[in-house]
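Comments concern the structure below.
Any read-out appearing in this document is the output of simple, stated calculations on the displayed coordinates, not a laboratory observation. Because the structure is a prediction, the values reported are computed rather than measured. All Cβ positions, even for glycine, are placed from backbone atoms using ideal geometry, and neighbour counts span all protein chains on display.
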Amino acid sequence: MLTVSPELLRASAAHFVEGELAIEDVALADIADAVGTPVYVYSSAMFSSQYQLLVEALKGLPNRLHYAVKANSTLAVLKQFADLGAGFDIVSGGELSRVLTAGGDPAHVVFSGVGKSTEEIDFALKTEIECFNVESAGELARISERANVLGKMAPIALRINPNVDAQTHPYISTGLRENKFGIAQENALALYRLAAADPHIQVRGIACHIGSQIGDPQPLFDALEQLLALVDALKNEGIVLTDIDLGGGFGVTYDEEPAFDVTAWGDRVKERLGDRGLQLSIEPGRFLTANAGVLLTRVEYLKVGDEHSVSNETSSAGKHFAVVDAAMNDLLRPSLYQAWHGVLPVKQQNTDGNTRTWDIVGPICESGDWLAKDRQMSLSVGDLLCVLSAGAYGSTLSSNYNTRPRAAEVIVDGAAFRLVRRRESLQDLLTTEML
């Protein structure tokens, strides 16, 4: 039998049962047979267990977890986190609409993002969200203006850019001066003074978010110290904050990365905030959903380099390509970030010496359309493959490129599973257009 390293599955909701991959008590092959491929499959139990890890890490400290909707915005996922007691971190009016549809409480919603439109600000003010995380002087002025027009008081925190290197991929680093996010620390005091004097603004807190997929917690602690120095400076000027938002970005295991130690991180945060009377907010996304999800895809064709046979086409330069029915429009991370995802056959195989090194590629007309490279497997046309760690930034980054309908989504709960997003039809894609 093909030996699978336990390290590959150590963080994943997927596990082998009698040689076949399952999530919770449901065989993944059964889901693929029922709803087709490609399909995202999520573990309800792992959503809950990851959430509870953070709850326990911060126990004893006043706090609220605001789930970062951008990680996975499927309504059923949002509803589960709302039922668990989560608030929500949003970056658009569309995400706010999703939260409300899923039963989320707007009083526990923080609105981040650098480009809030007038319409989005009005929507958030009318629904009376918890807080705007303000990212520029221009945004503060617009929020004040719209609050005045609507007769509302706008609760705000300033998102500080602490110029701290999160030591992550440059595309997901957000806390450096060269990034577009947040307000430079040297400009923060003046902007807080302006906000505190504004009759339409309620100054509540201070926020930061330095990046995503953070492995070493030290940059998070460095940013925290900068925020606390600003809190103290503001207090000396009579501006007393009640809230501190430390963002998210806790790294997860895709390959060999060690698991982020949320308990040790939480202990140090509690030590620094314990006697300050500040309400803590955090914005986890990937940490809650990434390893709770997989993407199932089926092999359509095999192109075997430098070989000729009836069953296998020939590829160039000795490369072996497994062409599957999922593509970069279903999982953009490998193409966008050169991200690594584990890929396994759903059924363990007897290799019989036929193991080859494959690039797992999709049908989209781009050389950048790949899900994994240089993976050793024994494959046949029709095999079902499982792409691991696909619960975050999978479905939310998906698109209709090449007029491809987006994949279905399924949640497993114990021995049952349910379809929570049907597969798009071609008619769905055409309904908004006109000749």
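Below are the figures for this structure:
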| quantity | calculated |
| --- | --- |
| Per-residue Cβ neighbour rank within 10 angstrom, fewest leading, Tyr67, Tyr42, Tyr337 | Tyr337, Tyr42, Tyr67 |
| Ordering of 71-77, 141-147, 196-202 by packing [mean C-beta count within 10 Å, highest first] | 71-77, 141-147, 196-202 |
| Cβ crowding within 10 Å averaged over residues, with 203-212, 258-267, 277-286 ranked highest first | 203-212, 277-286, 258-267 |
| GNM flexibility winner over the chain from Glu225, Glu256, Glu300 (Cα, springs under 10 Å) | Glu256 |
| Neighbour-count order for Met434, Met46, Met153, fewest beta carbons within 10 angstrom listed first | Met434, Met153, Met46 |
| Rg and Dmax of the chain, Cα atoms only, in Å | 23.5, 80 |
| Nearest-ten-degree value, helix 218-236 long axis tilted from longest Cα axis of the chain | 20 degrees |
| Normalised contact order of segment 14-112, rounded percent, pairs of Cα under 8 Å and 6 or more residues apart | 20 percent |
| Dimensions (Å) - segment 212-294, Cα atoms, principal axes, largest first | 50, 20, 18 |
| Three semi-axes of the equivalent ellipsoid, segment 112-284, Cα gyration tensor, whole Å, largest first | 28, 18, 14 |
| Residue order, fewest to most beta carbons within 10 Å, for Arg404, Arg421 | Arg421, Arg404 |
| Cross-link partners of Lys59 among lysines (Cα-Cα below 18 Å; sequence separation of 8 or more within a chain) | Lys270 |
| Descending semi-axes in whole angstrom, ellipsoid equivalent of segment 1-139, from the Cα gyration tensor | 36, 18, 14 |
| Mean separation of Cα contacts under 8 Å (6+ apart) over length of the chain, as relative contact order % | 20 percent |
| Nearby aspartates and glutamates by direct alpha-carbon distance to Lys79 (threshold 20 angstrom, same-chain neighbours under 8 apart not counted) | Glu24, Asp89, Glu95, Asp105, Glu128, Glu130, Glu283, Glu409, Asp413 |
| Calculated [θ] (222 nm, deg cm²/dmol) that DSSP helices of n ≥ 4 give over the chain, each run adding -39,500 (n - 2.57) | -8500 deg cm²/dmol |
